[in-house]
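The values are calculated or read from the model by the stated rules, or taken from the named source; none is laboratory data. The structure displayed is predicted, hence computed values, not measured ones. Methodologically, a virtual Cβ is constructed for each residue, glycine included, from the backbone with ideal geometry; neighbour enumeration extends over all protein chains shown.
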Amino acid sequence: MLNFELYFAREAQSWSDQGVAFVRNQSSASARTLGRRYLLTLAQFRHVAQEENGGYKTKPVHITKEMLSGPPVPIRSDGWYRVLLPCGVDGMTPIATLTGAPEEAGPPVQPSDAYRCVIRNGLHQKYRNMLDSEIDDYLEAAIRRRAI
């Protein structure tokens, strides 16, 4: 559970020109974004960041171990998921995600049915007792949110 608000924005070509998920880069005590963690090496996390920002044919991303704790930090000058967002620690393991610059997101954009299905499946794997209707309500609330 992240204390950053989920929203949908942009129009992703790979998702039928519809919205994709981001989280605000300012935490809030009342914000609750359901998520899933994956244990990655720093090199694997850099690879994910590179792929989410245009792949290896574009400018590289810059992520150091020190950047995984502290304030949100840009990892490159462009790209949709170019902000590294530290989210805390679990024992000695830092928790971080990637998000966008909210001032560039624009208005809320409805995600495609296929994208919703991917999110729903991931949430069912982690939150086994959630009903589809609860997940749909959760996603609908996020869809209505403006980026800033």
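Scan region 95-118 and give yes if some residue there is part of a strand (DSSP E or B), over 14 Å from the mean Cα position of the chain (by Cα) and closer than 19 Å to F4 by Cβ, otherwise no.
no
Using the structure shown, decide if I135 is among the β-branched types (V, I, T), at pLDDT 90 or above, out of contact with any His (no Cβ under 8 Å at 6 or more places or on another chain) and not in a loop (DSSP other than H, G, I, E, B).
The answer is no for I135.
Quick grid of which residues meet (1) of a type in the set (D, E, K, R); (2) modelled with pLDDT of 90 or more; (3) more than 20 Å from P71 (Cα to Cα):
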{"residue": "L6", "(1), (2), (3)": "no, yes, no"}
{"residue": "S16", "(1), (2), (3)": "no, yes, yes"}
{"residue": "V20", "(1), (2), (3)": "no, yes, yes"}
{"residue": "Q26", "(1), (2), (3)": "no, no, no"}
{"residue": "T33", "(1), (2), (3)": "no, yes, no"}
{"residue": "E52", "(1), (2), (3)": "yes, yes, yes"}
{"residue": "Y56", "(1), (2), (3)": "no, no, yes"}
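Filter region 92-110 for residues that are modelled with pLDDT under 95, in contact with a strand residue (DSSP E or B) (Cβ under 8 Å, 6 or more places away or on another chain) and of a type outside the set (V, I, T) and give the result.
G100, A101, P102, A105, G106, P107, P108, Q110
If you take the residues of region 90-101 that are surrounded by 15 or more Cβ atoms within 10 Å (Cβ to Cβ) and among the aliphatic types (A, V, I, L, M), which of them is farthest from R10 (Cα to Cα)?
The extreme case among them is I95.
I'm trying to understand the selection: among the residues of region 66-89, which are more than 23 Å from G19 (Cα to Cα), in contact (Cβ under 8 Å) with a residue 24 or more places away in the chain and surrounded by fewer than 17 Cβ atoms within 10 Å (Cβ to Cβ)?
S69
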